[in-house]
1. Starting from the amide H of residue 280, placed 1.01 Å from N in the peptide plane, find each other amide H under 5 Å away whose residue is 5 or more places distant or on another chain.
2. Which of the cysteines in the chain are isolated, no other cysteine C-beta under 4.7 Å?
3. To check you understand DSSP bridge types, tell me what percent of the beta bridges within the stretch 192-322 (both residues inside) are antiparallel, rounded to 5.
4. Which of 339, 252, 298 sits closest to the plus end of the dipole of the chain, meaning its Cα is farthest towards the positive end, when Lys and Arg get +1 and Asp and Glu get -1 on the C-beta?
5. Calculate the length of the line joining the C-alpha centroid of the stretch 306-346 to that of the stretch 221-271, in whole Å.
6. Please list 271-279, 46-54, 167-175 highest first by mean number of surrounding beta-carbon atoms within 10 Å per residue.
7. To the nearest 20 Debye, how big is the dipole of the chain about its Cα centre, given +1 on the beta carbon of each Lys and Arg and -1 on that of each Asp and Glu?
8. Kindly rank 307-313, 212-218, 30-36 from highest to lowest mean number of other beta carbons found within 10 Å of each residue.
Amino acid sequence: MSKPVLFYGICGEGLGHAARSAALMERLESDFTVHVLTFGDALHFFRDRGFPNIHHIPGLTFIKKCQKIDWVASILHMLDFVRNGQKHLSHVEKIWDAIRPDMAITDFEPLVPRVAIQNKIPVLGVDNQAKISRCKLKELPFFLRLYQAVFSMAIEWVVPRKATRVVSCFHPEFCTPFKTVKAVVGPMLRSSITRLSPTDGGFTLVYYKDVVGECLFRVAKILGLRTVVYGGCEHAQNWPQFEFHPHGEGFPEALAACSVLVCPAGNQLLGEAAFLGKKTICIPQREQYEQAINGFYMEKIGLGKMVRNPAAPEREVGEFLRSPNPTKRLSTGVEDVANLVLAMRKARNQSSGS
């Protein structure tokens, strides 16, 4: 008997959506044949790992300028995406008609859930962004609460209200739903992370992203430890004291072995660091207020320090060095969400059989 088919729409902006989705797909691969529909960074992530069923679809991305988000250009891009919505939906519908899936999941990808609802099959939204539009975020500063209020409507538009929603983040205890969500769970972590035992190898690990830039290296230099960098290999000549590697293979092991992590403030990586108990100093991408929210909560849970002034980080690095090591947060939301998916499939089967 063939397995039911699951369509998984994944936002291709950055690698956090891809890593979170890959963690759930690992758990569901014995129960479903999974087809990934994505674009951008996530498309490369799954292609590089040899995933068999990948479909390239149009997607929404932030427009960057000078290592910060250009909000005007990004909003114009979103409006253009909406204006061409029917063409984009037709693209996904052709894939849908060729495969006829039984269920759908979206990680902040707007086309797959709309086609799923149109075809009257179960659809689940699993992402970090729903915490902004559907939860009261405890103790959040006024400016970030203002961002939450302004952008909640846009976040809600991405995933239609008829989809069942799950929030996944590394600080679930600070999220109180005020709109309907099925669950608020911890970070969705791949087995490449959860199978590892953390050690202290006496080095700083830098996760480099162009949108944050060389300030990551400047922070690592101040820390004064041997430094291993993943990404940014084009900068190796200017930083000969650092050891550079391309993003990808070997990073989970390096994360488990490092003494300190220096990184942007992405939800997924901060969740991995929290799981392994890695003292972390993060630098949010400029104008990316979702990352500022993540940085705020990484300090609240005692994971480390957020750098608010990348041009002169010495004071904040000094505070970071004096702060205690974090306690490991050995929790993952994968099993909870997988059980929810299986329950939705069972309910659909019972409904179809009645």
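Rule-based calculations on the coordinates, nothing more; no lab input. Computed from a prediction, not measured in an experiment: that's the story for all the values here. Neighbour counts are summed over all protein chains in view; Cβ atoms, including those assigned to glycine, are modelled from backbone coordinates with ideal geometry.
1. Long-range HN contacts for residue 280: 261, 304, 305.
2. Cysteines of the chain left without a disulfide-compatible partner: 11, 66, 169, 215, 233, 258, 263, 282.
3. DSSP beta bridges in the stretch 192-322 are roughly 0 percent antiparallel.
4. 339
5. What the calculation gives is 17 Å, centre to centre.
6. Result, highest mean first: 271-279, 167-175, 46-54.
7. It comes to approximately 900 debye.
8. The most tightly packed comes first, giving 212-218, 30-36, 307-313.
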